[in-house]
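Structure first, commentary second.
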Amino acid sequence: MASQNRVLYSVLAYIWILWLVGLVSGGNDPVIKRHVNQGLNLFIIWTAASILAHIPILDIIGGILYILCIVLMVMGILSAVKQDDRPLPILSIVTLIR
């Protein structure tokens, strides 16, 4: 049962603001913390893309960031389901949650 919760919290970490569920419920599990950290980084990039998409000159950069976020979200969810231990590119550079 613990493994199913680990996968659930890890998958939820990549879906917009639902990384909070893993942060609150995940406890001290290092795997969940890694996925929550990557989900938080993804959320920050998504928020930056939203801001840039509303600025007329920078809207193309915002669109590119949206596409990057969707690709990273799918990669993160697949990594969580497969229980792969490799960190994702870009999202694992900064560690915000220890």
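The values are calculated or read from the model by the stated rules, or taken from the named source; none is laboratory data. Keep in mind the model is a prediction, meaning the values are calculated, not measured. With ideal geometry, Cβ positions are generated from the backbone for all residues, glycine too; neighbour counts draw on all protein chains shown.
Inspect all residues belonging to the range 63-83 and state whether any of them is loosely packed, with under 14 Cβ neighbours inside 10 Å, within 18 Å of LEU12 (Cα to Cα) and more than 14 Å from the chain's Cα centre (by Cα). Before you say what the answer is, go through the steps one by one.
Filtering the range 63-83 down to residues loosely packed, with under 14 Cβ neighbours inside 10 Å leaves 63-64, 67, 70-71, 74, 78, 81-83.
Then drop every residue that is not within 18 Å of LEU12 (Cα to Cα), which leaves 70-71, 74, 78, 81-83.
Cutting the leftovers down to more than 14 Å from the chain's Cα centre (by Cα) gives us 82-83.
Checking the range 63-83: at least one residue is loosely packed, with under 14 Cβ neighbours inside 10 Å, within 18 Å of LEU12 (Cα to Cα) and more than 14 Å from the chain's Cα centre (by Cα).
Working only within the range 58-95, note down all residues that are in a helix (DSSP H, G or I) and either among the polar types (S, T, N, Q) or at positive phi (or both).
Here is the first cut: in the range 58-95, the ones in a helix (DSSP H, G or I) are 58-82.
Of everything in the range 58-95, just one residue is in a helix (DSSP H, G or I) and either among the polar types (S, T, N, Q) or at positive phi (or both), namely SER79.
For the range 1-42, give me the residue count where each residue is touching a helix residue (DSSP H, G or I) at 6+ places or on another chain (Cβ under 7 Å), modelled with pLDDT of 85 or more and of a type in the set (Lys, Arg).
0
Which residues, taken from the range 20-54, are free of Cβ contacts under 8 Å to residues at least 12 places away in the same chain and outside any loop (DSSP other than H, G, I, E, B)?
Let us first name the residues in the range 20-54 that are free of Cβ contacts under 8 Å to residues at least 12 places away in the same chain, namely 20, 24, 27-28, 30, 44, 47, 51, 54.
LEU20, VAL24, PRO30, ILE44, THR47, ILE51 - these are the residues of the range 20-54 that are free of Cβ contacts under 8 Å to residues at least 12 places away in the same chain and outside any loop (DSSP other than H, G, I, E, B).
Would you check if there is a residue in the range 7-19 being more than 13 Å from the chain's Cα centre (by Cα) and assigned to a loop (DSSP other than H, G, I, E, B)? Step through it out loud before you land on a result.
Step one: filter the range 7-19 for residues more than 13 Å from the chain's Cα centre (by Cα), giving 7-8.
Subset that is assigned to a loop (DSSP other than H, G, I, E, B): none.
Checked the range 7-19: no residue is more than 13 Å from the chain's Cα centre (by Cα) and assigned to a loop (DSSP other than H, G, I, E, B).
Would you confirm whether or not the range 25-35 contains a residue that is buried (at least 17 other Cβ atoms within 10 Å of the Cβ), more than 12 Å from the chain's Cα centre (by Cα) and not hydrophobic (A, V, I, L, M, F, W, C)?
Yes, the range 25-35 contains at least one residue that is buried (at least 17 other Cβ atoms within 10 Å of the Cβ), more than 12 Å from the chain's Cα centre (by Cα) and not hydrophobic (A, V, I, L, M, F, W, C).
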